[in-house]
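Submitted below is the structure of interest, expressed as structure tokens.
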Amino acid sequence: MTKRLFLEMMLEILYPRRCPLCRETVGQKGEKICPACKRSLRPIREPACKKCGKPLNRQEQEYCADCGREEHLYTRGLAVLPYEGAVRRSMGQIKFHNKREYLDFYGPYMAEILGQRILSWKVQAIAPVPMHPAKKRRRGFNQAELLAEKLGECLGIPVMPGLVERVRATRPQKELTRRERQNNLKGAFKIRGYDVKLKKIILVDDIYTTGSTVDAIAGELLRQGAEEVYFASLCIGRDDSEIL
Ligand SMILES: [Zn+2]
Ligand SMILES: [Zn+2]
């Protein structure tokens, strides 16, 4: 037995792995979620927005309300789960209660659900949506980066965690209006070490809301010479067209 394996076993005995959804200990060896919770997950299916992948309410709808009124700079995006209920609480646990180990389940799960579609895009690199360095220091990790690493590992696509940098701290997007969101992100991102051979890139994030962040980064990458920018998000909000 290798030293690493031994350490992992000891850690499992001392700190048994907990399910990211119900937070009970996961019984079986090597499992990252309990079977009942895995079965309860409802990954997004058709009808979904043809641009951002948001779940839609009606089959005949092509785009969500947001993509219907706004042109995006990215080519296409996909998301795994609606941002609601137990999944939403689980995301809160990761970010605010340091449950980064939950990403050991969510990363490979992203690959399981979106893998084939992502591979069909033939992207050359995966880049996580960056966090401002000061915020990352406080939290200790960037969940988008951990997701990107696991996704890249599962799909055999190189991950470039330093390609996009957040050079300016920004106000939380959810507090702002659409116009404010765009202004808020002006000059917030910088591309470092761009290789001219990089034509298709996929951005990875934990939650997609209106796409202003993805668009801001896509804009920078296109300026550098990228031809297409895609995104994959673990969670996404529901279409608001029914509420309006
Ligand atoms: Zn569970
Ligand atoms: Zn959409």
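Looking only at region 16-52, which residues are within 22 Å of residue 92 (Cα to Cα) and touching a strand residue (DSSP E or B) at 6+ places or on another chain (Cβ under 9 Å)?
Just the residues of region 16-52 that are within 22 Å of residue 92 (Cα to Cα), to begin with: 16-26, 31-44.
Within region 16-52, 16, 17, 18, 19, 24, 25, 26, 34, 41, 42, 43, 44 meet the criteria.
Okay, moving on. So how many residues does region 179-205 have that are of a type in the set (D, E, K, R) and over 21 Å from the mean Cα position of the chain (by Cα)?
Qualifying residue count for the region: 5.
A further question follows. Name the residue, out of 39, 45, 4, that is free of Cβ contacts under 8 Å to residues at least 40 places away in the same chain and within 16 Å of ligand 2 (Cβ to nearest atom). It would help to see each step written out before you state the result.
Values: 39 fails: within 16 Å of ligand 2 (Cβ to nearest atom); 4 fails: within 16 Å of ligand 2 (Cβ to nearest atom).
Among 39, 45, 4, only 45 is free of Cβ contacts under 8 Å to residues at least 40 places away in the same chain and within 16 Å of ligand 2 (Cβ to nearest atom).
Name the single residue, out of those in region 3-27 being in a loop (DSSP other than H, G, I, E, B) and out of contact with any helix residue (DSSP H, G or I) (no Cβ under 8 Å at 6 or more places or on another chain), that is surrounded by the most Cβ atoms within 10 Å (Cβ to Cβ). Steps first, answer last, please.
Let us first name the residues in region 3-27 that are in a loop (DSSP other than H, G, I, E, B), namely 15-17, 19-24, 26-27.
Still in the running and out of contact with any helix residue (DSSP H, G or I) (no Cβ under 8 Å at 6 or more places or on another chain): 15-16, 24, 26-27.
Numbers: 15: 10, 16: 11, 24: 12, 26: 21, 27: 11.
Residue satisfying both the conditions and the ranking: 26.
If you don't mind, there's one more thing I want to ask. Cβ-Cβ below 8 Å, separation at least six or inter-chain, first residue in region 141-167 and closer than 16 Å to residue 115 by Cβ, second assigned to a loop (DSSP other than H, G, I, E, B): which pairs?
Short answer, once both residue conditions are applied: 148/161; 149/161; 151/157; 152/158; 157/123; 157/124; 158/124.
Mind listing just one residue for me: the one in region 141-183 that is of a type in the set (S, T, N, Q) and modelled with pLDDT of 95 or more and, of those, nearest to residue 99 (Cα to Cα)?
143
Further question: Going residue by residue through region 62-81, is there one that turns out to be within 16 Å of ligand 1 (Cβ to nearest atom) and among the acidic types (Asp, Glu)?
Among the residues of region 62-81, not one is within 16 Å of ligand 1 (Cβ to nearest atom) and among the acidic types (Asp, Glu), which makes the answer no.
A follow-up question, please. Tell me which residues, restricted to region 1-56, are among the small types (Gly, Ala, Ser) and at pLDDT 90 or above.
36, 40, 48, 53
When residues of region 129-151 are filtered for being farther than 16 Å from residue 164 by Cα and not in a loop (DSSP other than H, G, I, E, B), how many remain?
Residues in region 129-151 being farther than 16 Å from residue 164 by Cα and not in a loop (DSSP other than H, G, I, E, B): 5 in total.
Quick test for you: out of 56, 21, 73, pick the one residue that is over 24 Å from residue 126 (Cβ atoms), touching a residue at least 12 places away in the same chain (Cβ under 8 Å) and within 15 Å of ligand 2 (Cβ to nearest atom).
From the options 56, 21, 73, the qualifying one is 56.
The values are calculated or read from the model by the stated rules, or taken from the named source; none is laboratory data. Please read all numbers here as calculations on a predicted model, not as lab measurements. No Cβ is skipped: glycine too gets one built from the backbone with ideal geometry, and neighbour counts run over all protein chains shown.
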